[in-house]
Amino acid sequence: MRILFLSRWYPFPPSNGSKLRIFNLLQGLTRCHQVTLLSFCEGPVSPPPPLWQERLQAIHQVPYRPFDPRRWRARLGLLSPRPRSVLDTFSPAMDQAIRQELATGDYDLVIASQIDMAAYRDSFGPVPALLEEVEVGVMYEHMARAEGWRRRLRARLTWAKYRRYLNGLCRRFRLCTVASAEEQRLLAQTLTAALPIEVVPNCIDLADYGEAASDGLRHREPHTLIFTGSLTFEPNYDAMVWFVGEILPRIRQAVPDARLVITGDHGDRPLPATPGVVRTGMVDDVRTRIARAAVSVVPIRAGGGTRLKILEAMALQTPVVSTRKGAEGLAVAHGRELLLADTPQAFAEQVIALLRQPDQGRTLAAHAYRHVRATYDTAVVLPRFLSLVEQAAQGGGRESHR
């Protein structure tokens, strides 16, 4: 089967959660089908690894322009039924590239990864389409958590526009996938028509983590905490402001040499002035840093989907402390695969316990590793996704061309 995969994120290297999900799905797809990747890219265009040049039929990149509310198209969006971000970031170059690629051959299916790429549905023509990883949690929570009547009103109007847009868009795909049961529930509530919504959880290829896990067991840094994620993503930034400002000082009172390593693009965003914070920026391979850390912290308080940062830490046998929101969508239990806490004091106490009692951390990590192998390994998840791809291409689900 010939598949055109559209991606908001250029997945080489797979340096954030979205890229890693796309990377793993492409691994599964290319084993069974002929796949062409058409992806946005940020920064200079970079060639894909030689192995992927062999796996994929072709790889095309289009520069991405982030949303800027000051641009004229964004301002006109205030009067449009479409969300402002959709209007402002729509790329004529991407639209043309999709049309040209589909005109070159008989494609059986288009997979649009995330809402950003679903915006190009008009470009697909009659080719069947699957919308992969719809996420509405961040937008919904922004509305639900808005404070002050002006902000609440603006957030509710934005959500109402976004909801109408989703309803018109999703019905034009044969089926939609989400990363968790919670996202499935929220999307079903958002849509006015009953559309096929299937859960495809985030997954990782355990075979890619064995070497780094072994290195981490030999070179564990006993008082190092790690958080992996770009601070340009608002839920990550919120998590780090909260952790650095309210949790890390409590930890350092009990363990004075505890330090926090933050990997990923920090975007020059400020954090509270707490000692013991190291911002690495982008790193070539985050797995070694996670594996050597004593604890992986996930103080997420907003957002949807499931946290690949948790699955990666579990695959690397690094114990995890998370908020319940951070672990949302994962079939895990407090005290079995990880530790959960939602207040600064409770979160700090859980981290301190693991720093002082490494045997407890090793027990948690062992349970977590077995759980990932049984539930979230690509060998378990990808067959389900490939079955849905076949279903969409063969006419399963529903689709409206209006």
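The values are calculated or read from the model by the stated rules, or taken from the named source; none is laboratory data. If you're wondering where the values come from, they're calculated on a predicted model, not measured in any experiment. No Cβ is skipped: glycine too gets one built from the backbone with ideal geometry, and neighbour counts run over all protein chains shown.
Residues in region 217-235 that are buried (at least 16 other Cβ atoms within 10 Å of the Cβ) and in contact with a strand residue (DSSP E or B) (Cβ under 8 Å, 6 or more places away or on another chain): R220, H223, T224, L225, I226, F227, T228, G229, L231.
Would you be able to say whether some residue in region 119-133 is assigned by TED's automatic domain parsing to the domain that holds E182, acidic (D, E), part of a strand (DSSP E or B) and farther than 21 Å from D68 by Cα? The answer is yes, given that some residue of region 119-133 is assigned by TED's automatic domain parsing to the domain that holds E182, acidic (D, E), part of a strand (DSSP E or B) and farther than 21 Å from D68 by Cα.
Would you point out the residue of region 240-274, among those that are among the polar types (S, T, N, Q) and surrounded by fewer than 17 Cβ atoms within 10 Å (Cβ to Cβ), that is farthest from S18 (Cα to Cα)? Step through it out loud before you land on a result.
First pass over region 240-274, keeping only residues among the polar types (S, T, N, Q): 253, 263, 274.
Next, only the ones that are surrounded by fewer than 17 Cβ atoms within 10 Å (Cβ to Cβ) stay: 253, 274.
Values: Q253: 36, T274: 30 Å.
Per the stated criteria, the residue is Q253.
Among the conditions (1) of a type outside the set (F, W, Y); (2) under 30 Å from T378 (Cα atoms); (3) not in a loop (DSSP other than H, G, I, E, B), the only one that H266 does not satisfy is (3). If you check P63, P81, P14 for being closer than 23 Å to V380 by Cα and out of contact with any Pro (no Cβ under 8 Å at 6 or more places or on another chain), only one passes: P14.
Within region 356-374, is even one residue closer than 29 Å to V35 by Cβ, part of a helix (DSSP H, G or I) and either of a type outside the set (A, V, I, L, M) or touching a residue at least 60 places away in the same chain (Cβ under 8 Å) (or both)?
yes
Among the residues of region 210-226, is there at least one that is more than 23 Å from the chain's Cα centre (by Cα), assigned to a loop (DSSP other than H, G, I, E, B) and either closer than 22 Å to D285 by Cβ or not assigned by TED's automatic domain parsing to the domain that holds R259 (or both)? The answer is yes; a qualifying residue exists.
The listed residues are A346, A327, A302, A353, and the only one of them that is free of Cβ contacts under 8 Å to residues at least 12 places away in the same chain and either surrounded by fewer than 24 Cβ atoms within 10 Å (Cβ to Cβ) or hydroxyl-bearing (S, T, Y) (or both) turns out to be A346. In this structure, G105 does satisfy being closer than 19 Å to V389 by Cβ, assigned by TED's automatic domain parsing to the domain that holds Q189 and either aromatic (F, W, Y) or at pLDDT below 95 (or both).
Comparison of R31, R73 shows that the only residue that is among the basic types (K, R), surrounded by 13 or more Cβ atoms within 10 Å (Cβ to Cβ) and either within 25 Å of the chain's Cα centre (by Cα) or in a helix (DSSP H, G or I) (or both) is R73.
Yes or no: region 227-248 includes at least one residue that is out of contact with any Asp or Glu (no Cβ under 9 Å at 6 or more places or on another chain) and assigned to a strand (DSSP E or B). Yes, region 227-248 has at least one match. Evaluation of E198 against the conditions (1) under 18 Å from the mean Cα position of the chain (by Cα); (2) in a loop (DSSP other than H, G, I, E, B); (3) of a type in the set (D, E) shows that the sole unmet condition is (2).
Among the candidates V110, V136, the residue that is within 26 Å of R301 (Cβ to Cβ), in contact (Cβ under 8 Å) with a residue 24 or more places away in the chain and within 25 Å of the chain's Cα centre (by Cα) is uniquely V136.
In region 275-291, how many are modelled with pLDDT of 95 or more, assigned to a loop (DSSP other than H, G, I, E, B) and surrounded by fewer than 18 Cβ atoms within 10 Å (Cβ to Cβ)? Count: 1.
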